[in-house]
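The values are calculated or read from the model by the stated rules, or taken from the named source; none is laboratory data. Just so we're clear, the structure is a prediction, and the values are computed from it rather than from any experiment. Here Cβ is always computed from backbone atoms with ideal geometry, including for glycine, and neighbour counts include all displayed protein chains. Note: accessible area is taken over every heavy atom of the protein model, side chains too, but ligands, DNA and RNA are not part of it. Shrake-Rupley method; radii C 1.70, N 1.55, O 1.52, S 1.80 Å.
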Amino acid sequence: MARGSAADSYTARLRKAVHRARIALRKSGVDYFRGDGSDWIALAGLLLTVPAFTWGTIVMPVWVSPAALVLPIVAGGLLLRPASLLGLYAAAAGALIVESVVLGPYTQGPARVTPGIVLTVAACGLFGLLIAQFRARVGVPWRRGGTMLFDLRERIRVQSALPRLPKGWHREMSLRPAGGQSFSGDFVVAARTNGGRTLEVVLTDVSGKGMDAGSRALLLSGAFGGLLGSLPPHGFLPAANGYLLRQDWDEGFATSIHLVLDLDSGDYELLSAGHLPALQLHAGSGRWEEMDAEGPLLGVYDGAQFDPVKGNLRPGDVLMIFTDGLVEASGRDISEGIDRLTGEADRYVAAGFEGAAWHLIEAVAKDVNDDRALLLLCREA
């Protein structure tokens, strides 16, 4: 009985030890791929490939070239920290020396260690070390960098989502970054305030375009999203202007247009900070009217005033708000771009504007190297 108890106790201890080892290994792997842990797992794996490639080169030099050592070096540049990378480079250098000694001088036949192979391996090692040092300086490992950029892009997309509107209203937005990139200097923040009766939408165009403006657009979209609905409508642009001034950016200006729409009556106010006018389609006449509010750029000077323009959306009317990427082009007046945009929009008057935002950008500014954003608000007849 005592012997059986001792065996059971030993088995239990062994199981606990194995379980602890599995948990520790799993935690190390998770921490590594999150960028929080040591890189010893990757270093150990890559160090094991070096003698494997060396053995293959010695045994089958025709099939396994000495240049195959480039593979662990490239992988190390992506996976390892600079200090660990130097250890891998030392192992690769030792492997080249062993291969050169065993295979003999490169002048005596093919598939040997030549000066060109040594230079290739050394060049790859240099580039890998530069990448590792840059990654260490930024503080974001490559395996988390892509995830972080994806998260940032999704945050901008979620913040730019328009809220649901009551029956009788249709809204849609399309945003196209410059050069097909994932980040844009144009963004939208929107909220329903006043108990859901009022829709407030802010379309902003940050100076610059694409990736250059994406980081500032992310910061501003978060700040503007916090301000929207927390201040009276006429207090939003002055507060946004003060926020930009406090950032003290070299390219610290932006244009913005703020729509305050009463969803019951259709009455609205537009406040602009150096932005292009909005366009309203009057269903009765079938004509587009420019709704141009007065106000300076955001982030230029303190104490700026923003004077609103008022309007009303009747059943069948459409309000279109956009950024300059849709209508501005070198050698062409902005008014010509607006005429082209309204001409394309007239095609959707009879059939309705469902899905029109994306198609309008395709029609008037498909290949423009600038950020483009278009917002449509329709009051159904």
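Spin-label pair Glu172-Thr120: with each label point 7 Å from Cα along the Cα-Cβ axis, the two points sit 5.3 nm from one another. Taking the Cα centre of the chain as origin and assigning +1 to Lys and Arg Cβ atoms and -1 to Asp and Glu Cβ atoms, the resulting dipole is close to 3100 debye. Distance between the pseudo-spin-label points of Asp262 and Asp302 (7 Å out from Cα toward the beta carbon): 3.6 nm.
What is the helix-to-structure angle for 115-138, meaning the angle in degrees between its Cα long axis and the longest Cα principal axis of the chain, kept from 0 to 90 and rounded to the nearest 10? That helix lies at roughly 50 degrees to the long axis. Looking at the chain, the accessible area is 52 square angstrom per residue; that uses a 1.4 Å probe and ignores ligands, DNA and RNA.
Please report the base-10 log of the normalised intensity I(q)/I(0) for the chain, using a Debye sum with one equal scatterer per alpha carbon and no solvent, at each q in 0.07, 0.09, 0.12 (1/Å). Calculated log10 I(q)/I(0) at the listed q: -0.54, -0.71, -0.90.
Once C-alpha pairs closer than 8 Å and six or more residues apart are averaged by separation and normalised to the residue number of the range 188-293, the relative contact order reads 26 percent. Judged by the mean number of other Cβ atoms found within 10 Å, the most tightly packed of the peptides 278-286, 329-337 leads the ranking 278-286, 329-337. In plain terms, the chain from Leu78 to Ser285 could stretch by 68.3 nm, reckoned as 0.36 nm per residue minus the Cα-Cα distance. Over the C-alpha trace of the range 190-269, radius of gyration and Dmax come out as 13.5, 43 angstrom.
Multiplying the residue separation of Ala191 and Lys366 by 0.36 nm and subtracting their alpha-carbon distance yields 60.1 nm.
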